[in-house]
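Enquirer: I'd like to ask you about the structure that follows.
Where a number appears in this text, it was derived from the coordinates with a stated rule and is not lab data. No experiment lies behind these values; they were computed from the predicted model shown. Every residue, glycine among them, receives a Cβ derived from its backbone with ideal geometry; neighbour counts consider all protein chains shown.
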Number of protein chains: 4
Amino acid sequence: MTSSASDAQTIRAGLVGVTGYTGMELVRLLHGHGTINLVRVTSRAEAGKCLEDIYPFTRGTRYGSLVITEPDADDLAAACDIAFLAVPHGAAMEMAATLHEKGLKVVDLSADFRLRDSDVYEQWYNTDHTRTELLPQAVYGLPELYADEIKKATLIANPGCYPTSVILGLYPALAEKILVPNGIVIDAKSGATGAGRKAAVPTLFCEVQDTFRAYGIGTHRHTPEIEQELSAIAATPLTVSFNPHLLPINRGILATIYTTLQHDMTIDDVQAIYEGTYADKPWVRIMPKGKLPELRHVRGTMYCDIGLVLDKRTHRLIIVSCIDNLCRGASGQALANANLMLGLPVNAGLDLAPLVP
Amino acid sequence: MTSSASDAQTIRAGLVGVTGYTGMELVRLLHGHGTINLVRVTSRAEAGKCLEDIYPFTRGTRYGSLVITEPDADDLAAACDIAFLAVPHGAAMEMAATLHEKGLKVVDLSADFRLRDSDVYEQWYNTDHTRTELLPQAVYGLPELYADEIKKATLIANPGCYPTSVILGLYPALAEKILVPNGIVIDAKSGATGAGRKAAVPTLFCEVQDTFRAYGIGTHRHTPEIEQELSAIAATPLTVSFNPHLLPINRGILATIYTTLQHDMTIDDVQAIYEGTYADKPWVRIMPKGKLPELRHVRGTMYCDIGLVLDKRTHRLIIVSCIDNLCRGASGQALANANLMLGLPVNAGLDLAPLVP
Amino acid sequence: MTSSASDAQTIRAGLVGVTGYTGMELVRLLHGHGTINLVRVTSRAEAGKCLEDIYPFTRGTRYGSLVITEPDADDLAAACDIAFLAVPHGAAMEMAATLHEKGLKVVDLSADFRLRDSDVYEQWYNTDHTRTELLPQAVYGLPELYADEIKKATLIANPGCYPTSVILGLYPALAEKILVPNGIVIDAKSGATGAGRKAAVPTLFCEVQDTFRAYGIGTHRHTPEIEQELSAIAATPLTVSFNPHLLPINRGILATIYTTLQHDMTIDDVQAIYEGTYADKPWVRIMPKGKLPELRHVRGTMYCDIGLVLDKRTHRLIIVSCIDNLCRGASGQALANANLMLGLPVNAGLDLAPLVP
Amino acid sequence: MTSSASDAQTIRAGLVGVTGYTGMELVRLLHGHGTINLVRVTSRAEAGKCLEDIYPFTRGTRYGSLVITEPDADDLAAACDIAFLAVPHGAAMEMAATLHEKGLKVVDLSADFRLRDSDVYEQWYNTDHTRTELLPQAVYGLPELYADEIKKATLIANPGCYPTSVILGLYPALAEKILVPNGIVIDAKSGATGAGRKAAVPTLFCEVQDTFRAYGIGTHRHTPEIEQELSAIAATPLTVSFNPHLLPINRGILATIYTTLQHDMTIDDVQAIYEGTYADKPWVRIMPKGKLPELRHVRGTMYCDIGLVLDKRTHRLIIVSCIDNLCRGASGQALANANLMLGLPVNAGLDLAPLVP
């Protein structure tokens, strides 16, 4: 393993769980990375095949002929400097711990190290947390908020897709204490990649196309993650109403966030707070006053576009926050975290223009 | 004109403004109506053509060879017993008044007679109301709430699409006074037919497909209509936060409505109130406890599917209400109102099964 | 069982295999049928539930509370006059034979009785045909061509979706012998309901949305069915190149059929032949000269819309044929066949206007 | 202007016509180009605004604050080394000639210089060709076929989207003379960006979504372009049947090409010819034997994925060719041509991984 990753040499990366949509997205992003080289991709179901056999889009590209292997911690430890875990919660926990023990830097895209309180984890995920000793070391990987901690970390709990959109949308207002902390309502809409790539009737094309539905109203597992992070920002425990919906599109999360202002403010005041907070964070784009963001403008990128409305009739600040759930909400953010851990520029491999239309 | 419309003879109907999506939908629905016969369809732009020339879907059907005419009040009055106005607000006002004076029953699908207070109309629609004398006669055409008045009416203000979904969703809870009347947040999502059939870049396929956006946050013209009707139900003036979004689908509105309960209740109590209120209203379907509605299950029909969630963590009652914006939210409801005005069964021509998938 | 089905009494129908898309569609259509009453719906996986439990769209409708049963031939025979089989090929064969023996009229939506030559069946479907004795009795259920035979039949082989679009598109030209019979190329595009409702990764939303692909080029199982029927019409054996593609929509088949004329003709000649052939077949709509059909104009109906182009540069007659694969291409056609077998008007329950948009 | 473009200095580029989809795509691609810098973008309608005002997706990126100007030849000539013309045919002709005279390298994305015979141009495009003197200098910009000529060119006729997919699909087979040159049928399907960004009812979301249609059967303007290029490759004049269809997706063209082999061959023979022809052309990916391409695997890239089927039953070679119509079929190819003209690596700014899903 490299002792210092910030020099010009190549960093060797492994991806545990390559067949899902977050795995596909990480392969796409690492295609254009100048320093990190993907040397291991694993899948129990597809081991022995080349990446291009299961993902024809990689044919002829840098990683098309990479052979998929069984996930093996010893092999990964010997071959890689850093590992990305794109496997389900529960499954990630032990693999993350083992690779971490063997000295790898680990970015875990699952929920396993996001909740600092293992009781909360066990209650919402209905599974035991068997690696609670690692929780204090795990850093919540939201670069705009925690870049310094991430740079020093060896284990990253990569944020959930919904929490990323919500936390970035609320951070300036909560940090500046302009909101009534409780009573926040989040109405979030996600593309279908958020449901994963498992064969299942409810996510068949003909069950999602030309329709729309809510799901998990008030019970989605991202709720405690959102509350943990917002409470930390607000420096007071708060409870949110988080309510997801399924959009008939592939990528993207748009969260409409309903809040109440502590005191009378103008929209210019609010714009100034948001623009100030994110002045040196180029991935967060505050829309000009009076404009609202759209999902397509962030497609395939790390951008989080935020629109602000002050509704004088109801004394509410309404925040609309858009991200690409696969890139910013998962694999792109994982790569940004890896960049920071490795001493690379945070945007290495991530300076992409949105694909519009 | 018929002296009594409730006998078996045919009712002659005119449709003013046939080229838009609500016009198309009314043609579709009248195709299967046993008593009402469409004898006039008007359009300035397409006069002289047959319906099947502009709508190939009507070719060979009952109305395919109906010739489109210029809108002419005298001709309409001579030829028709009832008129449906599917023209923009402002344009509908005078035509409605004229036809009404000439003795026709009128169902106005525009907003022109929905708001009882013409000042509110003028403020939100930026146009003068020139027929305020008709406002007291106009009946708000929501059959579940106002069937008796509709039966006696000669001028129907057909409800807006968003208001239909919201009012039906909130009616039992507000009528039973179980909610804090203020502070209600409505996050509504509509298919693109709601934006009409006018050539415009923002509603081109490539600007709507594979994306999602909010629009008119806090400023949509359906807001005062919703507030007027909810205030009447609650018997107290209330203000709502109404926030629409544009879905990449053709038809359907799903409104997620965030409310606060006055007192502790169980979900069974709430289900009982909703099921009781709509017990003899077959078009409103209360989902079984724990189930949420989907847009596709109401496609092409008059159904309003309502799901109820009591979120104990935030003490909120969250109501999810689904309709087909073109059928229940416009032309189907117009036909139901016509049926009632004419002494016909309310569901004549409207007893349709949803098209799924 | 009824001795004569043509009287006013209710016909009792059973549907074997209700959970797939063709089952759903038949439930939708029978909702509006005045004579046939659905009394049994079967599914091994869902037995014991009500229809509305698995299809919320049926909630509150005529069949919503119908209880799903295990498929049992004795029970079906006792309870029903006619059975629709919406189960996979192979599985249908024995059930069809058993119910037929017990005296039921049977409409088999599978491929099991479509091919007159069991060797061809076994070669293309890789399964033994165990009920070849029934093949001579089975009538190919395309009402425009075989209404007389269908009326006398007790077992209907309901045509495949692609064959329906292709045969109706080519029938006038082949029957009038204006085409070179060999060398026909069919480029067909189908919505995703054609792939069925089985959980599988290739038909997940995110694998079908925003993309397009060919499949089964030259090898699709509908090829021998198309060739059998076209050869019969042309009175000469012919071979076609049949090539399907998967559209990112739910319903509809559009087949573009490339043919060569035997002799020089004008487009008016060709139009006259098509219009003449289908003059008394209201479900087949020949587009006016110069106009091409679109899938949406047949949505949810029995229409087959046909457009004709004579390309003078290449001496080709190009035929574009559109149907709704679920209605005309499966369940609606099954119902039309049932109507004919039962002495009912062929369009009973099927006089529907297309849902546009 | 630079005397030699192959050194490390920046090349200054102008884009005439920035508001359409090809303009948007070129902005996206130039975002990631290391040598070419976009210094002028023009639009009569939007002059004075910044790019980010009309394309929020560019906000905060390299070109977001670039001010849109009126198209002015003198200004463009003074400011730029190379110009891309993304304006309609007819309009491009004079601007191309003027900028060319002023010494700029010009890549014309319109059809104005594609057809070598101005009579054919005038016949298919119904407009006079006023700059025929430039036709001999214009090079047809398909890099795989004409890289050497492109490198020396000063005026590029950038190929049409459909022709790109068809020519790349047929080139190996025609060059190797394995096909009967006449009788080729091309059934092509395009996403809706191909129809441009003009406000028009037929390309509204609700007119394209959830449907499918053919258009321009036998009469599309890309026909003579395809025939010109294929005839040159085959070294014999040939006529094709070219038939486009409109897909309910944003990007992509899939062409299914039906051909007849001159002599018996195996699929291995054909695969070998195709793989050999494109062995050193990394953007053309021949699918492994038995696999067919999909549109999504080329999304956002220069790839042309080609699948080959030899149908023994009909003695046909069926070629399926996929491209992204906006990138490979327009702006990406324009950039590749610019790279070649400027002495840069052909793939500068174009080494992108497909966005899947």
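Enquirer: Per residue, how big is the convex hull of the protein assembly as shown when only Cα atoms are used? Give it in Å³. Intermediate results must be reported in sequence, preceding the final value.
Expert: Working: hull volume 252.2 nm³, N = 1428.
That works out to 177 Å³ per residue.
Enquirer: Using a Förster distance of 30 Å, how high is the FRET efficiency between C:Tyr215 and C:Ala175, based on the Cβ-Cβ distance and rounded to 0.05?
Expert: Numbers: r = 31 Å, r/R0 = 1.02.
Computed FRET efficiency for C:Tyr215 and C:Ala175 comes out at 0.45.
Enquirer: Okay, moving on. P(r) of region A:134-264 in 10 Å steps, Cα pairs, percent per bin?
Expert: The distribution over region A:134-264 is 12, 38, 31, 17, 3, 0, given as percents.
Enquirer: I would also like to ask the following. Rounded to the nearest 0.05, what FRET efficiency do A:His315 and A:Asn347 have when you use their Cβ-Cβ distance and R0 = 60 Å?
Expert: In this case the efficiency is close to 0.95.
Enquirer: Amide H of A:Leu204: which non-local residues (sequence gap of 5 or more, or other chain) have their own amide H closer than 5 Å, using H built in the peptide plane?
Expert: C:Phe205
Enquirer: Here's a follow-up. Rounded to the nearest 500 deg cm²/dmol, what is the calculated helix-only ellipticity per residue at 222 nm for chain B, with -39500 (n - 2.57) per DSSP H run of length n ≥ 4? Could you put the intermediate results ahead of the total?
Expert: Values: 11 runs with 103 residues, N = 357.
So the calculated ellipticity at 222 nm is -8500 deg cm²/dmol.
Enquirer: Give me the three principal axis extents of region C:59-199 from the C-alpha atoms, as integers in angstrom, largest value leading.
Expert: 52, 38, 32
Enquirer: A further question follows. Going by alpha carbons, how many degrees (0 to 90, nearest 10) lie between the helix axis of B:143-152 and the longest principal axis of chain B?
Expert: Tilt relative to chain B: about 40 degrees.
Enquirer: Taking region A:198-233, which trypsin sites (Lys or Arg not before Pro) meet the DSSP loop condition and have no more than 13 other C-beta atoms within 10 Å?
Expert: On the way: sites: A:Lys198, A:Arg213, A:Arg221; in loops: A:Lys198, A:Arg221.
Answer by residue number: A:Lys198.
Enquirer: If we hang a label 7 Å off Cα along the beta carbon direction at D:Asp75, how far is it from the matching labels on the other copies, in nm, shortest first?
Expert: When each copy's label point is compared with this one, the spacings are 5.0, 6.1, 7.9 nm.
Enquirer: Further question: Roughly how many debye, to the nearest 20, is the charge dipole of region A:246-342 about its Cα centre, given +1 on each Lys and Arg Cβ, -1 on each Asp and Glu Cβ, and no other charges? Please report the intermediate quantities before stating the final value.
Expert: Values: 11 positive and 9 negative charges, 64 e Å.
The calculation lands at about 300 debye.
Enquirer: Once both labels are modelled 7 Å past Cα along the beta-carbon direction, what's the C:Ile267-A:Val201 spacing in nm?
Expert: For C:Ile267 paired with A:Val201, the spin-label model returns 4.7 nm.
Enquirer: Need one value for D:50-57: mean number of C-beta atoms belonging to other chains within 10 Å of its residues' C-beta atoms.
Expert: If you average over the peptide's residues, the count of other-chain Cβ atoms is 4.
Enquirer: Near B:Tyr171, within a Cβ-to-Cβ distance under 15 Å, what is the net charge of the other residues, with Lys and Arg +1 and Asp and Glu -1?
Expert: Numbers: positive: B:Lys177, B:Lys281, B:Arg285, B:Arg328; negative: B:Glu144, B:Glu176, B:Glu225, B:Glu227, B:Glu229, B:Glu275, B:Asp280, B:Asp305.
Residues close to B:Tyr171 contribute a combined charge of -4.
Enquirer: With θ taken as phi - 60° and the coefficients 6.51, -1.76 and 1.60, list the Karplus ³J(HN,Hα) couplings across region A:121-128 in order, rounded to whole Hz; mark glycine and proline as x.
Expert: Here the 3J(HN,Hα) series is 4, 5, 6, 8, 9, 6, 8, 6 Hz.
Enquirer: Given B:Val240, B:Thr256, B:Leu344, which one lies farthest toward the positive end of the charge dipole of chain B, if we put +1 on the Cβ of every Lys and Arg and -1 on the Cβ of every Asp and Glu?
Expert: Going by the charge dipole, the pick is B:Thr256.
Enquirer: Also, I was wondering about something else. State whether region B:205-357 is rounded, prolate or oblate according to the following rule on the C-alpha gyration tensor (a ≥ b ≥ c being the square roots of its eigenvalues): a/c under 1.5 gives rounded; otherwise a/b larger than b/c gives prolate, and the remaining case gives oblate. Could the numbers behind the result be given before it?
Expert: Values: a/c = 1.39, a/b = 1.12, b/c = 1.24.
Rounded, since a/c falls under 1.5.
Enquirer: Within region B:272-357, report the trypsin sites (Lys or Arg not before Pro) that DSSP leaves as loop and that have at most 16 other Cβ atoms within 10 Å.
Expert: On the way: sites: B:Arg285, B:Lys289, B:Lys291, B:Arg296, B:Arg299, B:Lys312, B:Arg313, B:Arg316, B:Arg328; in loops: B:Lys289, B:Lys291, B:Arg299, B:Lys312, B:Arg313.
When the trypsin sites (Lys or Arg not before Pro) of region B:272-357 are filtered for loop state and at most 16 Cβ neighbours within 10 Å, B:Lys289, B:Lys291, B:Lys312, B:Arg313 remain.
Enquirer: Related question: Sorted from largest down, give the three principal axis spans of the alpha carbons of chain A, whole angstrom values.
Expert: 62, 45, 40
Enquirer: Excluding D:Thr314 itself, what net charge comes from residues whose Cβ is under 14 Å from its Cβ, given Lys and Arg +1 and Asp and Glu -1? Intermediate values should be presented prior to the final figure.
Expert: On the way: positive: D:Lys312, D:Arg313, D:Arg316; negative: C:Asp187, C:Glu227, D:Asp264, D:Asp311.
That sum, taken over residues with Cβ under 14 Å, equals -1.
Enquirer: Dipole size in debye (nearest 20) for chain D around its Cα centre, Lys and Arg Cβ +1, Asp and Glu Cβ -1? Don't jump to the answer; show the numbers that get you there.
Expert: Details: 31 positive and 39 negative charges, 176 e Å.
The dipole of chain D has a size of about 840 debye.
Enquirer: If you don't mind, there's one more thing I want to ask. Roughly how many debye, to the nearest 20, is the charge dipole of the protein assembly as shown about its Cα centre, given +1 on each Lys and Arg Cβ, -1 on each Asp and Glu Cβ, and no other charges? Mind showing how you got there, number by number?
Expert: Working: 124 positive and 156 negative charges, 0 e Å.
Charge dipole of the protein assembly as shown: 0 debye, to the nearest 20.
Enquirer: Which listed residue (C:Ala153, C:Leu174, C:Val185) has the Cα farthest towards the positive end of the charge dipole for region C:153-223, taking +1 on Lys and Arg C-beta and -1 on Asp and Glu C-beta about the Cα centre?
Expert: C:Ala153
Enquirer: Looking at C:Phe113, C:Tyr215, C:Tyr140, which one has the Cα that reaches farthest to the positive end of the dipole of chain C (charges on Cβ: Lys, Arg +1; Asp, Glu -1)?
Expert: C:Tyr215
Enquirer: Another question about this same structure. One decimal, nm, shortest first: give the distances between the label point of D:Gly216 and those of the same position in the other copies, each label point 7 Å from Cα along Cα→Cβ.
Expert: The answer, with the shortest distance listed first, is 3.1, 3.6, 4.4 nm.
Enquirer: Rg and Dmax of region C:277-332 over Cα atoms: what are they, in angstrom?
Expert: In order Rg, Dmax, the Cα atoms of region C:277-332 give 12.4, 40 Å.
Enquirer: Given a Förster distance of 35 Å, report the FRET efficiency between A:Ser231 and C:Asn126 from their Cβ-Cβ distance, rounded to the nearest 0.05. Intermediate results must be reported in sequence, preceding the final value.
Expert: Working: r = 61 Å, r/R0 = 1.73.
In this case the efficiency is close to 0.05.
Enquirer: Would you calculate the separation in nanometres between label points at A:Ser65 and D:Arg44, each defined as 7 Å from the Cα along the Cα-to-beta-carbon direction?
Expert: Those two pseudo-labels are separated by 5.3 nm.
Enquirer: Mind pulling the angle between the C-alpha long axis of helix D:91-101 and the longest principal axis of chain D? Nearest 10 degrees, somewhere in 0 to 90.
Expert: Approximately 70 degrees, to the nearest 10.
Enquirer: Quick one: check the C-alpha center-to-center distance for region A:27-102 versus region C:181-209, whole angstrom.
Expert: 32 Å
Enquirer: Tell me which residues come under 5 Å, amide H to amide H, from B:Ile36 once H is placed; ignore anything under 5 positions away on its chain.
Expert: Excluding prolines and chain starts, which carry no amide H, the hits are B:Ile11.
Enquirer: So who's got an amide H within less than 5 Å of the one on B:Val106, skipping anything under 5 residues away but keeping other chains? H placed 1.01 Å off N, in plane.
Expert: Close amide H contacts, sequence-distant or interchain: B:Ala83, B:Leu155, B:Ile156.
Enquirer: How shielded is C:293-302 by partner chains, expressed as the average number of their Cβ atoms within 10 Å of its Cβ atoms?
Expert: On the way: counts 4, 10, 5, 11, 8, 3, 5, 6, 2, 0.
If you average over the peptide's residues, the count of other-chain Cβ atoms is 5.
Enquirer: Along region D:19-36, what does the Karplus equation 6.51 cos²θ - 1.76 cosθ + 1.60 (θ = phi - 60°) give for ³J(HN,Hα), rounded to whole Hz, x for Gly and Pro?
Expert: 8, x, 5, 6, x, 4, 5, 5, 4, 4, 6, 6, 3, x, 8, x, 10, 7
Enquirer: Further, regarding this structure: Please turn the phi angles of region C:256-271 into ³J(HN,Hα) values with the Karplus equation 6.51 cos²θ - 1.76 cosθ + 1.60 (θ = phi - 60°), one per residue in order, whole Hz, x for glycine and proline.
Expert: 3J(HN,Hα) across region C:256-271, in whole Hz: 9, 10, 9, 10, 10, 6, 5, 9, 4, 9, 9, 5, 5, 4, 5, 4.
Enquirer: Count charges around A:Val201 for me, please; just the other residues with Cβ under 13 Å from its Cβ, Lys/Arg as +1, Asp/Glu as -1.
Expert: On the way: positive: A:Lys198, C:Arg197, C:Lys198; negative: A:Glu207, C:Glu46.
Charge balance in the 13 Å sphere: +1.
Enquirer: Which entries of B:Lys151/C:Lys281; D:Lys49/D:Lys105; A:Lys291/D:Lys198; C:Lys289/D:Lys177; B:Lys312/C:Lys198 have Cα-Cα distances beyond 31 Å here? Mind showing how you got there, number by number?
Expert: On the way: B:Lys151/C:Lys281 41 Å; D:Lys49/D:Lys105 26 Å; A:Lys291/D:Lys198 23 Å; C:Lys289/D:Lys177 38 Å; B:Lys312/C:Lys198 37 Å.
Checking Cα-Cα distances, B:Lys151/C:Lys281; C:Lys289/D:Lys177; B:Lys312/C:Lys198 exceed 31 Å.
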